[in-house]
Amino acid sequence: MKQKLGLACSLVHRPSVLLLDEPTNGVDPVSRRDFWKILHEMVKEGVTVFVSTSYLDEAERCGRVGMIQEGRLTMCDNPRALKKTISGTILEILSADSVKTLRELRERYGKLSSDLVSGVIRFRLPENSSVEKIKDEIKIMGLDDLTIKEAQPTLEDVFVSRAMRVDVQ
């Protein structure tokens, strides 16, 4: 309610530019959707809206996204173009024991190769590998009861990929 009140207060004078810092932090999912509907209506009415957020799924709703790392703008474009910068394949892996599977994948491929998101492992396929090769390697690791499918890149994948390149340099 506090975030909604803050937005309402900032809209009273009908601004032409609105700067919002983490506007949905601590907001429940239903209110978060309502908040974004309001923001999109404002944009349709000609208001320029700048949003800073660490919720990259929310950033996908924006017309342009700038990614900042260590105080520097590293990328800026529309979400679709940013996602096209991901090379290789992203896999989603469902496992009966997600924690064990994630641990094994990280030990073999590095800690930034995979992440657990809402119970699903997102795994970035190594450049010199294939989906079939990974499936075979996973079986050799003794990981059973898995479902593996290709997934579309997200802005979070873009950010992590960029972070990996920066760390290597």
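Using only alpha carbon pairs under 8 Å that are at least six residues apart, calculate the relative contact order of the chain and give it in whole percent. Can you show the working numbers first?
On the way: 181 pairs, mean separation 33.8, N = 169.
In percent, rounded to a whole number, it is 20.
In degrees, nearest 10, range 0 to 90: what is the angle between the Cα axis of helix 29-44 and the longest Cα principal axis of the chain? Helix 29-44 sits at roughly 60 degrees to that axis.
Calculate the length of the line joining the C-alpha centroid of the stretch 68-97 to that of the stretch 1-38, in whole Å. Each part's Cα centre sits 26 Å from the other's. Listed by chain and number, the lysines whose alpha-carbon sits under 25 Å from that of LYS2, ignoring those within fewer than 8 places in the same chain, are LYS37, LYS44. Among the GluC sites (Glu not before Pro) in the stretch 115-161, those located in a DSSP loop and surrounded by at most 12 other Cβ atoms within 10 Å of their own Cβ are GLU127. If you build a Gaussian network model of the chain, linking Cα atoms that sit under 10 Å apart, which residue out of GLY71, GLY46, GLY119 swings the most? Of the options given, GLY71 has the highest mean-square fluctuation.
Helical content alone sets the calculated 222 nm signal of the chain at -12500 deg cm²/dmol, taking -39,500 (n - 2.57) per DSSP H segment of four or more residues and averaging over every residue. When Rg/Rh (Cα atoms, Kirkwood Rh) is calculated for this entry, the matching label among (i) 1.09; (ii) 1.06; (iii) 0.94 is (ii).
Here the 3J(HN,Hα) profile of the stretch 7-19, calculated from phi with Karplus coefficients 6.51, -1.76 and 1.60 at θ = phi - 60°, is 5, 4, 5, 6, 8, 4, 8, 6, x, 8, 9, 10, 10 Hz, Gly and Pro shown as x. For LYS135, the aspartates and glutamates whose Cα comes closer than 18 Å to its Cα, not counting residues fewer than 8 places off in the same chain, are GLU92, ASP97, GLU104, GLU107, ASP115, GLU127, ASP144, ASP145, GLU150. GluC sites (Glu not before Pro), restricted to the stretch 41-109: which are DSSP loop and have at most 12 other Cβ atoms within 10 Å? In loop regions of the stretch 41-109 (DSSP not H, G, I, E or B), the sparsely surrounded GluC sites (Glu not before Pro) are GLU45, GLU70. The phi torsions of the stretch 126-142, fed into the Karplus equation with coefficients 6.51, -1.76 and 1.60 and a -60° offset, translate into couplings of x, 3, 9, 10, 9, 4, 5, 4, 4, 4, 5, 5, 5, 5, 4, 5, x Hz, rounded to whole numbers, with Gly and Pro shown as x. Dipole of the stretch 37-122 (Lys/Arg Cβ +1, Asp/Glu Cβ -1, origin at the Cα centre): which of MET75, ALA96, LEU56 lies farthest to the positive side? Value computed over the given set: MET75. Beta bridges assigned by DSSP with both partners in the stretch 2-83 are antiparallel in approximately 50 percent of cases.
Normalised by the number of residues in the stretch 2-83, the average gap of Cα pairs under 8 Å and 6 or more apart makes the relative contact order 24 percent. For the stretch 1-72, applying the loop criterion from DSSP together with a ceiling of 16 other beta carbons within 10 Å to the chymotrypsin sites (Phe, Trp or Tyr not before Pro) yields TYR55. Largest GNM mean-square fluctuation across VAL17, VAL30, VAL158, computed for the chain with C-alpha springs under 10 Å, falls on VAL30.
Cross-link partners for LYS133 among the lysines, with Cα-Cα distance under 26 Å and sequence neighbours closer than 8 places in the same chain left out: LYS83, LYS84, LYS100, LYS111, LYS149. Helix 98-109 versus the longest principal axis of the chain: what is the Cα-based angle in degrees, 0 to 90, to the nearest 10? That helix lies at roughly 70 degrees to the long axis.
Would you work out if the stretch 90-152 is rounded, prolate or oblate? Take a ≥ b ≥ c from the square roots of the eigenvalues of the alpha-carbon gyration tensor; rounded if a/c is under 1.5, else prolate when a/b is larger than b/c, oblate otherwise. Rounded is the answer for the stretch 90-152, as its axis ratio a/c remains below 1.5.
Coordinate-derived values only; no laboratory data. What you are looking at is a predicted structure, and each value in this text was computed from that prediction instead of being measured. No Cβ is skipped: glycine too gets one built from the backbone with ideal geometry, and neighbour counts run over all protein chains shown.
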